[in-house]
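Asker: Sharing a structure with you now.
The values are calculated or read from the model by the stated rules, or taken from the named source; none is laboratory data. Keep in mind that what you see is a predicted model, and the values were worked out from it rather than measured. Virtual Cβ from ideal backbone geometry, glycine too; neighbours counted across all protein chains shown. When the accessible area is computed, the model is the full protein with side chains, heavy atoms only, and any ligands, DNA or RNA have been set aside. Shrake-Rupley method; radii C 1.70, N 1.55, O 1.52, S 1.80 Å.
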Amino acid sequence: MMFRHSSNHRSVTTAPWQLVCGLALGIASGLAGCGTGPKAEFSYREATQKLIPVARKAIKDTLEDGFGTPHNLVAWERFPVAYGGAKASVVAAAEGVQPASKTISVSVEGDVSKLASGASVLWLTGTRAGEKAAADTVDTYDTKTKTLTWSGSAEPAPGVGDVLIVGFGHALQKGRAVYMKNCMHCHGVSGDGNGSTAQFLNPRPRDYRLGVFKFTSTLSAEKVSRDDLHRVVKYGIPGTYMPSFLLLGEEETKSVVEYVRWLAMRGEFEKRTDDDLGDFTEDSIVDTVKKSKTAFDAAKVAYDATLKAGDKDAVKPDAPIKLTDARKIATEAFAKFQASDLDQAVEDTASFLAEAWTRADDEASRIAPTVPRVADDAASRERGRLLYMSDKTKCYTCHGLLGKGNGAATEDFWKKPGTEELYPRRGLHDAWGNPLQPRNLTLGQYRGGRRPVDVFRRLYAGIKGTPMPGFGKTALKDEEIWDIVNFVMSLQYQSPQPAKTNAGGHVVATDMPEAK
Ligand code: HEC
Ligand code: HEC
């Protein structure tokens, strides 16, 4: 575990922090890189792999600097992750600096159990702070006398009032251990949704690296909250392969939630940095060369024509740019960008993410209906049905006239976002490019929770990363959303319209009547 101290990219004071494998509780060793076994590695995004070598290296270095590797996690302080550890301060300093007296008496805030032998010691202030005493660990801690001895160098001796964190990164390491054991085979080491089992699953396991989560209680522009992730891990996602981990203890669940958040931040950090470096790709170099060649060919034709016409002053067009030269220019341009702008881009991305993930847990980010649930009676359901069928919501275009999830939108070919290219398959897709069915609402199965308020939130903010839109605030009043909730939740119990019989007593096939 490393600790990335400063918020500043270049002037980091990184205290290299030894990963203590013993802390990785219950881990299948090898998976996490402890002991022998296959090496777990963070994979990189396809977009990163497509960058020119110097740009790719810059991103990889930045990621490793800020987040480490699965074997040696880096806790970048500025990100809002509960990395874990107990804070302590020195009450009485070590006597002298003789190697024998690496003893201090401390006052501890938080969980004293973190002060076990072997736990990391990170000096935040005082003479030992910084890189010098980087590899200190707890030797002994006596809970009665509150004296701590550390292994490592005796000098410089800490002074009274110095602050240290013991077992820093404990929670993150624990989260990683839980993750490697329970989640990795679906969600992948780096949270790319590409674990070994993933290819067999539909829907596919979430790729956390967009920083987008579907079933949240937060407003459309906000990230997922800790509570939302906690609920998903605890109860699973019904109707999908995402299992319930009710049997994990509360502490394990909390720590794996932090680890998922951390992976999501790492992934989105990579994505946004990729976007910043989007000009420095091999493809764009090839493109430049192609364009230059096309321009040259056109100019050459014109040149030849003027020559033929006897114009002696015609200017010969410059030769098209060569691939090796184009590469060289791009590499030099990148070096310039790296020297002048990259640090700022990294800094901006880090602040953006830190703020967004902090805000997600604010009360103000949570969707709270302004009115209590409208009484679930026939009149409300009917109002809901009319809204469902209306052009204001167009629910039926996706979910179908009978709510079976087979609306006309599922028959169309859709464009890939930001391109003119069509998906090869009919129907909707999510932000990860996976095919997606609108929910069959007659089954009464809700992935985002089946309490009425859960369905309210789904309609208010939509389902993030999917075409299911949000209607809150603008399109619909809260009362209207409740009417639709009442209607939608009634669909599992009854066909939308009672069956009618004709004069001969035979059931007439019915459809939902058109809204007026
Ligand atoms: C058997 C495969 C499998 C395992 C194991 C698994 N998941 Fe999932 N997980 C899924 C699938 C599939 C989805 C996507 C469901 C969907 O899109 O509706 C998912 C989605 C999620 C989401 C996204 C929720 C959202 O709102 O977008 C989170 C968070 C998550 N899983 C966390 C975990 C954690 C943490 C573990 C381990 C403790 C875990 N998963 C283990 C298959 C799995
Ligand atoms: C553009 C298409 C589209 C429109 C319009 C649309 N939905 Fe959806 N809806 C979807 C898709 C796709 C999903 C499944 C998303 C997923 O699980 O990844 C979904 C899921 C749902 C769910 C399931 C929530 C859960 O927790 O499982 C409900 C309920 C729902 N929609 C109701 C509605 C209602 C009511 C309307 C109109 C007010 C509406 N939808 C409009 C596409 C749409």
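Asker: Just to confirm my filter: which strands (runs of 3 or more DSSP E) fall fully inside the stretch 101-194 and include at least 1 residues that are surrounded by fewer than 20 Cβ atoms within 10 Å (Cβ to Cβ)?
Answerer: Values: elements: 103-109, 121-123, 137-142, 147-151, 163-166.
Answer list for the stretch 101-194: 103-109, 137-142, 147-151, 163-166.
Asker: Could you list, in sequence order, all residues of the stretch 433-447 that are in contact with a strand residue (DSSP E or B) (Cβ under 8 Å, 6 or more places away or on another chain) and either more than 15 Å from THR410 (Cβ to Cβ) or open to solvent by 30 Å² or more (accessible area, probe 1.4 Å) (or both)?
Answerer: Selection gives GLY433, PRO435, LEU436, GLN437.
Asker: Return yes or no: is THR240 crowded, with 20+ Cβ neighbours inside 10 Å and within 16 Å of ligand 2 (Cβ to nearest atom)?
Answerer: Numbers: crowded, with 20+ Cβ neighbours inside 10 Å: no; within 16 Å of ligand 2 (Cβ to nearest atom): yes.
No, not satisfied.
Asker: Tell me, yes or no, whether the stretch 245-260 has at least one residue that is without any contact (Cβ under 8 Å) to a residue 40 or more places away in the chain, more than 37 Å from the chain's Cα centre (by Cα) and not in a helix (DSSP H, G or I).
Answerer: no
Asker: Ok, one more. Quick check, is ARG373 in contact (Cβ under 8 Å) with a residue 60 or more places away in the chain, over 30 Å from the mean Cα position of the chain (by Cα), under 30 Å from SER490 (Cβ atoms) and open to solvent by 20 Å² or more (accessible area, probe 1.4 Å)? Outline the logic, then answer.
Answerer: Numbers: in contact (Cβ under 8 Å) with a residue 60 or more places away in the chain: yes; over 30 Å from the mean Cα position of the chain (by Cα): yes; under 30 Å from SER490 (Cβ atoms): yes; open to solvent by 20 Å² or more (accessible area, probe 1.4 Å): yes.
When the stated conditions are applied, ARG373 passes them.
Asker: Among the residues of the stretch 461-469, is there at least one that is modelled with pLDDT of 95 or more and more than 16 Å from ligand 1 (Cβ to nearest atom)?
Answerer: Yes: the stretch 461-469 contains one or more residues that are modelled with pLDDT of 95 or more and more than 16 Å from ligand 1 (Cβ to nearest atom).
Asker: What's the number of the only condition in (1) near ligand 2 (Cβ under 9 Å from one of its atoms); (2) surrounded by 16 or more Cβ atoms within 10 Å (Cβ to Cβ); (3) in a helix (DSSP H, G or I) that THR397 fails to meet?
Answerer: Result: THR397 passes all but (2).
Asker: Taking the stretch 458-477 as the region of interest, how many residues are within 9 Å of ligand 2 (Cβ to nearest atom) and either outside any loop (DSSP other than H, G, I, E, B) or without any contact (Cβ under 8 Å) to a residue 60 or more places away in the chain (or both)?
Answerer: Within the stretch 458-477, residues that are within 9 Å of ligand 2 (Cβ to nearest atom) and either outside any loop (DSSP other than H, G, I, E, B) or without any contact (Cβ under 8 Å) to a residue 60 or more places away in the chain (or both) number 3.
Asker: Only residues that are outside any helix (DSSP H, G or I), open to solvent by 70 Å² or more (accessible area, probe 1.4 Å) and under 19 Å from LYS291 (Cβ atoms): list them for the stretch 302-336, please. Talk me through it step by step, then tell me what you get.
Answerer: Quick first cut of the stretch 302-336, residues outside any helix (DSSP H, G or I) only: 309-322.
Those left that are additionally open to solvent by 70 Å² or more (accessible area, probe 1.4 Å): 309, 312-313, 315-316, 318-319, 322.
Result: ASP318, ALA319, LYS322.
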